[in-house]
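Step one of this worksheet: look at the structure below.
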Amino acid sequence: MNFDLPEEHQLLRQTVREFATERVAPVAAELDREHRFPYDLVAELAELGLMGIPIPEEYGGAGSDTLSYAIAVEELTRIDSSVAITVAAHTSLGTMPILMYGSEEQKREWLPDLASGRKLAAFGLTEPDAGSDAGATRTSAEQRDRSWVINGSKIFITNAGTDITACVTITARTGDDEISNLIVPNGTPGYEVSPPMEKLGWRASDTRELSFRDCSVPAENLLGGQGRGFQQFLEILDGGRISLAAMGLGLAQGAYDLAFAYAQERRQFGRPIASFQAIQFKLADMAVEIEAGRQLVYKAAWLKDQDRPFAEAAAMAKLYTGELSHRVVNHALQIHGGYGYMEEFPIARLYRDQKILEIGEGTNEVQRMVIAKHLGL
Ligand SMILES: Cc1cc2nc3c(=O)[nH]c(=O)nc-3n(C[C@H](O)[C@H](O)[C@H](O)COP(=O)(O)OP(=O)(O)OC[C@H]3O[C@@H](n4cnc5c(N)ncnc54)[C@H](O)[C@@H]3O)c2cc1C
């Protein structure tokens with residue numbers, strides 16, 4: 001076994017870390033406070049080739065692997081989750097379905113703009129009455145002439161309503177016992193997005209409700225075969241879990257870094273609080289768990305890159321880092337005392353941004369269900 005990261009991955013980490021520290025950190029609090037989507041940062045990320053990391057070069061992406069992508073998402077989340085989820089949802093939920101299931105024509109039509117970051121894409125699975133039970137989707141698509149006519153709604157959809165969003169891939173019922181995926185371009189008559197939803201965290205990211213009323217898209221917008229949508233969205237979620245797991249890891253690392261620095265600066269009882277064993281033990285526990293989480297995340301990414309089964313590893317990584325980030329950010333804020341409760345300290349934002357990591361792309365409970373199934377239960 002070799003635990004050394006290859007040089008290309010180390011270089012990528014360095015590049016993204018510099019970008020996050022120099023470009024994202026100075027504006028993260030302001031974007032969060034103003035609930036402002038980071039258009040300028042997305043343009044800069046695009047320039048760096050970070051909006052299509054695992055997409056092949058022939059379609060305008062960077063042609064890198066899943067491990068590179070996970071490291072980039074980890075490094076961005078270390079500084080700011082809103083920017084990280086914008087990249088992650090765009091890549092693994094928005095762009096990936098088209099790469100994985102698109103016809104050559106669909107790939108040529110959509111991927112160059114998406115992988116280069118000129119445009120964004122979204123994935124609309126969740127509905128008001130179909131969350132964890134995503135197969136209970138009610139949105140319907142009926143075939144009329146050479147079109148699909150869509151009716152229904154989606155909720156909590158990331159990146160669906162920005163000025164540069166090109167399309168959303170949705171799941172829709174196309175028969176009694178059949179779900180299919182359809183690409184719906186933004187601006188299609190009958191397709192509307194709500195104003196941005198007000199959230200506890202991820203405040204600079206774009207989250208919308210979608211409604212479809214007799215929204216007609218061409219027959220060619222079917223993605224993958226008719227009736228293949230259920231299997232396809234399960235596979236998409238498997239991959240997406242690696243992104244969310246990388247976010248849990250990155251958020252935990254970011255929270256640890258803030259607490260570690262604060263503990264050296266803050267003096268009480270005549271000495272830095274880092275000299276108290278109670279604080280040292282907290283930091284030691286955090287460091288151990290982060291290291292364990294990193295192994296799970298990188299292993300899941302590595303398995304995917306080897307074309308080996310990775311669904312169980314991805315669910316384990318997502319579950320573990322979701323809960324790990326919860327514990328770490330809690331300890332990290334505790335180490336900041338009352339100052340950590342103030343928005344002028346970044347740990348407050350990380351604390352708010354953490355909770356969704358235990359809900360999105362499958363709740364902790366759903367991850368346990370997935371893992372139990374893999375265990376043969
Ligand atoms: C900020 C944000 C961004 C999101 N982005 C997207 C997106 O881009 N695309 C998209 O499609 N979705 C998106 N989602 C939706 C997200 O994936 C869902 O919120 C999530 O899957 C949970 O569904 P739910 O909210 O309906 O909760 P529910 O399914 O109603 O769950 C409620 C509770 O019941 C538990 N529960 C449910 N079933 C079981 C069971 N069988 N056994 C035990 N416990 C159970 C759950 O674990 C949870 O604790 C986003 C959500 C948020 C908040």
| Looking at (1) of a type outside the set (Gly, Ala, Ser); (2) under 20 Å from Tyr39 (Cβ atoms); (3) crowded, with 22+ Cβ neighbours inside 10 Å; (4) in contact with an Asp or Glu (Cβ under 8 Å, 6 or more places away or on another chain), which is the only condition Val193 fails? | (3)
| message | Here is a list: Glu198, Glu220. Which entry is open to solvent by 10 Å² or more (accessible area, probe 1.4 Å), touching a residue at least 60 places away in the same chain (Cβ under 8 Å) and closer than 23 Å to Ile347 by Cα? | response | Glu198
| note | Within segment 336-377, the residues that are part of a helix (DSSP H, G or I), of a type in the set (A, V, I, L, M, F, W, C) and within 25 Å of Glu30 (Cβ to Cβ) are Ile347, Ala348, Leu350, Ile356, Leu357
| Residue check, Glu291 out of contact with any helix residue (DSSP H, G or I) (no Cβ under 9 Å at 6 or more places or on another chain), in a helix (DSSP H, G or I) and within 17 Å of Ala245 (Cα to Cα) | yes
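Yes/no matrix, rows are residues, columns are (1) surrounded by fewer than 23 Cβ atoms within 10 Å (Cβ to Cβ); (2) farther than 12 Å from Gly94 by Cα; (3) charged (D, E, K, R); (4) modelled with pLDDT of 95 or more:
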{"residue": "Ala130", "(1), (2), (3), (4)": "yes, yes, no, yes"}
{"residue": "Ser140", "(1), (2), (3), (4)": "yes, yes, no, yes"}
{"residue": "Asn159", "(1), (2), (3), (4)": "no, no, no, yes"}
{"residue": "Thr171", "(1), (2), (3), (4)": "no, yes, no, yes"}
{"residue": "Val184", "(1), (2), (3), (4)": "no, no, no, yes"}
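For every residue, the table says whether it meets (1) exposed (fewer than 15 other Cβ atoms within 10 Å of the Cβ); (2) in contact with a Pro (Cβ under 8 Å, 6 or more places away or on another chain).
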| residue | (1), (2) |
| --- | --- |
| Ala261 | yes, no |
| Glu265 | yes, yes |
| Phe269 | yes, no |
| Ile273 | no, no |
| Gln280 | yes, no |
| Asp285 | yes, no |
| Gly293 | no, no |
| Leu296 | no, no |
| request: With the condition kept exactly as written, say whether any residue in segment 64-84 is free of Cβ contacts under 8 Å to residues at least 12 places away in the same chain, open to solvent by 10 Å² or more (accessible area, probe 1.4 Å) and not aromatic (Phe, Trp, Tyr). | output: no
| field | Pair list, Cβ < 9 Å and 6+ apart or interchain, from segment 228-252 residues that are in a loop (DSSP other than H, G, I, E, B) to residues that are surrounded by fewer than 24 Cβ atoms within 10 Å (Cβ to Cβ) and of a type in the set (Gly, Ala, Ser) | value | Arg228/Ser180
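The values are calculated or read from the model by the stated rules, or taken from the named source; none is laboratory data. It should be emphasised that the depicted structure is a prediction, and the values quoted were computed from it without experimental measurement. Cβ atoms come from the backbone with ideal geometry, glycine included; neighbour counts cover every protein chain shown. Ligands, DNA and RNA are excluded from the accessible area calculation, which covers all protein heavy atoms including side chains. Shrake-Rupley method; radii C 1.70, N 1.55, O 1.52, S 1.80 Å.
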